[in-house]
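Here's the structure we're looking at; comments come further down.
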Amino acid sequence: MSVNSSLDLPSNIALVHEWFTPRSTGGAENVVQVIDDLLTEIASQPELFSLVDEESLQKNSWLFKRKVKTSFIQKLPFGVSHVQQYLPLLPFAIEQLNLEGYPLVISSSHLVAKGILTSPDQLHISYVHTPVRYAWDQMNIYLKRSFLKRIGLGPLIRWQLHTLRQWDQLSSSRVDYLLANSNFTAKRIWKYWRRRSEVVHPPVNVSRFEWNKPREDFYLSVCRLVPNKRVDLLVRAFNRLKLPLIVVGDGLEKAYLEKLAGPTVQILGFQSKEKIENLMSSCRAFVYSGVEDFGIAPVEAMASGAPVIAFGKGGVLDTVKCFNANSAKGATGLLFPNQTVKSLVEAIEFFKEKQLWKDLNPELIRGWSNSFSQDSFKIRFEKSIIRAWREHMNSCDIATSDLSSSSRKN
């Protein structure tokens, strides 16, 4: 599936990600795996760099027995298991990674990976999942239920985030070529860094889902239970509607949501991939009320043939084709305009009253999800990095004299 010869890229490539730990895996880590696969196919297996690594010790991990070069955070107490607790040190730590000898450096960044130090002769391409959410526009959402804020450390946390914002903007200028995972992320990159970026949607393993199973009468939410996902809106809305909602996920808000849930809402917590696949393939609709930079789960739901009901902001504007009252042709879901219980309730009532699941064709929904498949990502990503590499090589051309000709004349 390669679109260019492997000779276009150098043999020494560095691939940098924030951390590899079983305690924190998700869409960003899946992107790194697919990039690693692609580079191995078209050039050579890249050298991996990270703040910390524990994944390479896991027998069921794609990183098992791979060598990962880590930072000094790896050796600090609880550095591997609680790397984010060292947030004030992470910008400094990522800058200590030695990337000499790698003409091409690719970073996968949602926090500090883009801040690595490279020379003018090296090309640094960064795939950006997001500018640091809790340092910029979602700071107050994260602080709202923060334990550190409750014990009086709110001002200190705000100061740390202030310094992180400064470093985040400064370090963005080190990157030669920026790729964004959605148009929403590209807008945030321009807003906070004043840098242009190319949009390449992340890979989703759509093939693992079945789209043609019978639908049951329940709605589904799958996400980490953290404040910015706004699962509380879902719970309150389904409490009011008295409709069945299943919430899958774990996180800081789980206990809070369990107390909030009424009799028609089930908080299942963490579930296996197989269980999630079965739920997505049989739910009436997938519901989401947060603002995602891209949003893997809504695409996985569509790969399962499920229509999506989501807050109409962020990455879902790239992924969900919204139902139009004048025509349902091509629609894959329904987007509501305001991040409120009222707006969500109205959307679900409309969906239920109009029985939109009958108009939103599961096979068509699945077909649309293929636009975000792993193969589609590899094709777009390969084209982007090869184009950037050729431009870089042209700018680095070295003029040489014809010494053999000169020696003959002498």
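Brief remarks follow.
- Ranked by how many other beta carbons lie within 10 Å on average, peptides 57-65, 71-79 from highest: 71-79, 57-65
- Model label zone, LYS75; criterion: amide N under 20 Å from point 7 Å along Cα-to-beta-carbon; scope region 14-36: 19-20
- Protection proxy ranking, peptides 300-309, 188-197, average beta carbon neighbours within 10 Å, highest first: 300-309, 188-197
- Region 188-256 and region 319-349: distance between their alpha carbon centers, rounded to Å: 15
- Counting only DSSP beta bridges whose two residues both lie in the chain, roughly 5 percent are antiparallel.
- For ARG236, the solvent-accessible surface computed with a 1.4 Å probe is close to 100 Å², ligands and nucleic acids excluded.
- Using alpha-carbon coordinates, inclination of helix 273-282 to the longest axis of the chain, degrees: 50
- For region 49-58, the Karplus equation 6.51 cos²θ - 1.76 cosθ + 1.60, evaluated at θ = phi - 60°, returns couplings of 10, 7, 4, 9, 8, 9, 5, 5, 8, 8 Hz by residue, with Gly and Pro reported as x.
- Scanning residues 5 or more positions from GLY315 or on other chains, those with amide H under 5 Å from its amide H are GLU292, ASP293, PHE294, with H placed 1.01 Å from N in the peptide plane.
- ASN324-LEU252 FRET efficiency (beta carbon distance; Förster radius 25 Å; 0.05 resolution): 0.10
- Segments 266-274, 290-298 sorted - mean Cβ within 10 Å per residue, highest first: 290-298, 266-274
- Neighbourhood charge, 13 Å Cβ-Cβ cut-off, centred on VAL248 and excluding it, Lys, Arg +1 and Asp, Glu -1: +1
- Nearest-ten-degree value, helix 27-42 long axis tilted from longest Cα axis of the chain: 40
- Antiparallel bridges, percent of DSSP beta bridges restricted to region 228-375 (to nearest 5): 5
- Whole-percent carbon and sulfur share, accessible surface of the chain, 1.4 Å: 51
- Accessible-area ranking of ASP250, ASP36, largest first, probe 1.4 Å: ASP250, ASP36
- Overall, the chain carries a charge dipole of about 1180 debye about its Cα centre when +1 sits on the Cβ of Lys and Arg and -1 on the Cβ of Asp and Glu, all other atoms neutral.
- Per residue, the solvent-accessible area of region 118-244 (1.4 Å probe, heavy atoms of protein chains only, all protein chains present) comes to 48 Å².
- Using just its DSSP H runs of length 4 or more, each adding -39500 (n - 2.57), the chain gives a mean residue ellipticity at 222 nm of -11000 deg cm²/dmol after division by all residues.
- Backbone amide hydrogens, once placed in the peptide plane, bring TYR288 within less than 5 Å of ILE309, ALA310, PHE311, excluding anything fewer than 5 places away on its chain.
- Largest GNM mean-square fluctuation among LEU178, LEU38, LEU243, using the chain with Cα springs under 10 Å: LEU243.
- Near PRO263, once Lys and Arg are set to +1 and Asp and Glu to -1 for all other residues with Cβ below 13 Å from its Cβ, the sum equals +1.
- Using θ = phi - 60° and Karplus 6.51 cos²θ - 1.76 cosθ + 1.60, couplings along region 208-216 (whole Hz; Gly, Pro as x): 7, 9, 9, 9, 10, 8, x, 8, 10
- Modelled label positions at LEU143 and LEU156, each set 7 Å beyond Cα in the direction of Cβ, lie 1.5 nm from each other.
- Between the helical axis of 183-193 and the longest alpha-carbon principal axis of the chain there is an angle of about 60 degrees.
- SER182 long-range amide H proximity, modeled H, under 5 Å: VAL200
- Converting phi to 3J(HN,Hα) with the Karplus coefficients 6.51, -1.76 and 1.60 and the offset θ = phi - 60°, region 253-259 yields 8, 4, 4, 4, 5, 4, 5 Hz in sequence order, with x at every glycine or proline.
- Look at the dipole of the chain built from charges on Cβ: of SER172, ASN324, TYR102, the Cα furthest out on the positive end belongs to ASN324.
The values are calculated or read from the model by the stated rules, or taken from the named source; none is laboratory data. Model, not experiment: these values are computed from the prediction. Neighbour counts run over all protein chains shown; Cβ positions are idealised from the backbone, glycine included. To get the accessible areas, we keep the full protein, side chains included, count just its heavy atoms, and leave off ligands, DNA and RNA. Shrake-Rupley method; radii C 1.70, N 1.55, O 1.52, S 1.80 Å.
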